[in-house]
1. Just need a number here: residues in region 164-192 that are in a loop (DSSP other than H, G, I, E, B) and open to solvent by 60 Å² or more (accessible area, probe 1.4 Å).
2. List, please: which pairs have Cβ atoms under 7 Å, are six or more places apart or on different chains, and start with a residue in region 266-283 that is under 15 Å from S178 (Cα atoms) and end with one that is assigned to a loop (DSSP other than H, G, I, E, B)?
3. Kindly provide the set of residues from region 157-171 that are among the hydrophobic types (A, V, I, L, M, F, W, C), out of contact with any Pro (no Cβ under 8 Å at 6 or more places or on another chain) and under 23 Å from G55 (Cβ atoms), ordered by number.
4. With the condition being over 21 Å from A188 (Cβ atoms) and open to solvent by 10 Å² or more (accessible area, probe 1.4 Å), I'd like the helices (runs of 4 or more DSSP H) fully within region 24-120 carrying at least 3 qualifying residues.
5. Take D230 and decide whether it is charged (D, E, K, R) and touching a Ser or Thr at 6+ places or on another chain (Cβ under 9 Å).
6. Go through (1) part of a loop (DSSP other than H, G, I, E, B); (2) in contact with a strand residue (DSSP E or B) (Cβ under 7 Å, 6 or more places away or on another chain); (3) under 29 Å from I227 (Cβ atoms) for A161 and report which single condition fails.
Amino acid sequence: MNKQTLCLVFLSFFVASSYAQLRQNFYQSTCPNVESIVRSAVTKKFQQTFVTVPGTLRLFFHDCFVRGCDASVFLATPNAEKDHPDDQSLAGDGFDTVIKAKAALDSNPNCRNRVSCADILALATRDVIVLAGGPSYSVELGRRDGRISTKASVQHKLPQASFKLDQLNTMFAAHGLSQTDMIALSGAHTLGFSHCGKFSGRIYGKSGIDPTLNRQYALQLRQMCPINVDPRIAINMDPTTPRTFDNAYFQNLQQGRGLFTSDQVLFTDSRSKPTVNQFASSNSAFNQAFITAITKLGRVGVLTGSKGEIRRDCSMPN
């Protein structure tokens, strides 16, 4: 066995042993009503603003891809993750969803300071998906909160709107996620929005409109995102059902209506196209693949047992 293979075996063992300590009934003896308390708080927040849904889902992804699913994205220490340009666009409503759910848990004497912010975020993510019409699934629990959050740790750790398939696969594979997992998780772009600057190169390129972009859609985008547009203007990622968690994202890709290069490439690249077609034709196939992928995502780099802590305040280490 060569050194590289040995390293991979060790890494696989380390990752597996960490998430093996996660389990669905982790709080059964300490805070048995954790799921209903979080769900109630998330539902209340959802009723105030729909941004709760994409804001929470994106926050979970950004947290897990940097230092693992340890709620380090919440820390408000100097030069923290949230200060990096890739995290500055994270919606405040996502953070607020978790803060409200933690406050609800802390108002229960049995649950006060017993549930990690990382687990609250994982539960809230499942709950917002369900509220938007997506599938329900069991959430593994037992994560601890990280104590470290640095701006530098975000660099080159998150997918960019300009990524091609190989770049996406490499980044996701580093977290034990397959190409199918990556495509399923990309389907979360059926919700949420993007600022014009993220895709302006596709509609105002040197050679005109990106040829992989549906021309009629591109002209609509130009109307919504004129040159020198207010940078705060945001466009729905899914032009057909932007408030419903469904497989319309993949049907849009078939029509050249993927907003980012990293979206449309999933259809234009022959290696990923069959999976896009499968998800476009079957919402249940997409839902099942998404559940598998987001469960695997929730295991990335988790801290368990004596590692990490349970923060009294999600924004500050104890």
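The values are calculated or read from the model by the stated rules, or taken from the named source; none is laboratory data. Note that the structure is a prediction, hence the values are computed from the model and not measured. Here Cβ is always computed from backbone atoms with ideal geometry, including for glycine, and neighbour counts include all displayed protein chains. Side chains included, ligands, DNA and RNA excluded: accessible areas come from the protein's heavy atoms. Shrake-Rupley method; radii C 1.70, N 1.55, O 1.52, S 1.80 Å.
1. 2
2. Listed by first residue and then by second, the contacts come to L266/S272.
3. L158, A161, F163
4. Working: elements: 34-48, 52-65, 92-106.
Counting at least 3 such residues, we get 34-48, 92-106.
5. No, not satisfied.
6. (2)
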